[in-house]
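Taking it in order: structure first as structure tokens, then the write-up.
Every read-out reported here was derived from the displayed coordinates using simple, explicitly stated rules and does not represent laboratory data. Everything quoted here is computed from the prediction, not taken from an experiment. Quick reminder, even Gly has a Cβ in these numbers, built from the backbone with ideal geometry, and neighbours come from all protein chains shown.
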Amino acid sequence: MLRFLNLLVLLMCSAMSMAASEQYRLGAGDLIQISVYDEPDLSQEVRIGLSGSISYPLLGDVQVSGLSPKELEDKLTSRLKGPYLLNPSVTVSIVEYRPFYVTGEIEKPGSYAFHPGLTVDKAISIAGGFTERASKSKIYVIHDAASDKAGRGEVRNPVKIYDVVQPGDVITVEQSFF
């Protein structure tokens, strides 16, 4: 019985991890690793450019911005299969996420390396914390276009201190009047 429960927990954790990586959308600034089994010349580590594309051997420029890592795997596999390889096995992993930004009434505004599980309060802490004039209730975020699933673009959304931050997000802390 204990073995069965351990297996069940392992399968659930694996499924949640896979779902999280499929929800993530690649964007400019992400550093990705593309591996093609038994094809070292086609395996590479590349940073996604501002255009949202990468230059890939045999295929030229490939648009990747807005795709999940799994969707990019499928895209590369289908384009390599046939004319170049019989049955390619492609994997895409994220080596480094694009940074997030903190502006406004913060001790050290700027860009910072993203880490999964980052929340607004942790992001503000990384940026040195609030200034004396900061409003702890007027905090806004502009989501990066690649991670904005609704496609709203540059809309300032009010956030709570424990909301999750995504790569490319711009967090702004407004000034308090009192």
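For residue 70, list the lysines whose Cα falls under 22 Å from its own Cα; do not include residues on the same chain fewer than 8 positions away.
Straight-line reach from residue 70, under 22 Å: 81, 149.
Past the 18 angstrom mark, what percentage of all C-alpha to C-alpha distances in the stretch 60-178 do you count?
58 percent
What nm distance separates the two modelled labels at residue 132 and residue 81, each placed 7 Å from Cα along Cα→Cβ?
The two pseudo-label positions are separated by 6.5 nm.
In the P(r) worked out for the stretch 74-127, what percent of Cα pairs fall beyond 12 Å?
Here the long-distance tail beyond 12 Å is 72 percent of all Cα pairs in the stretch 74-127.
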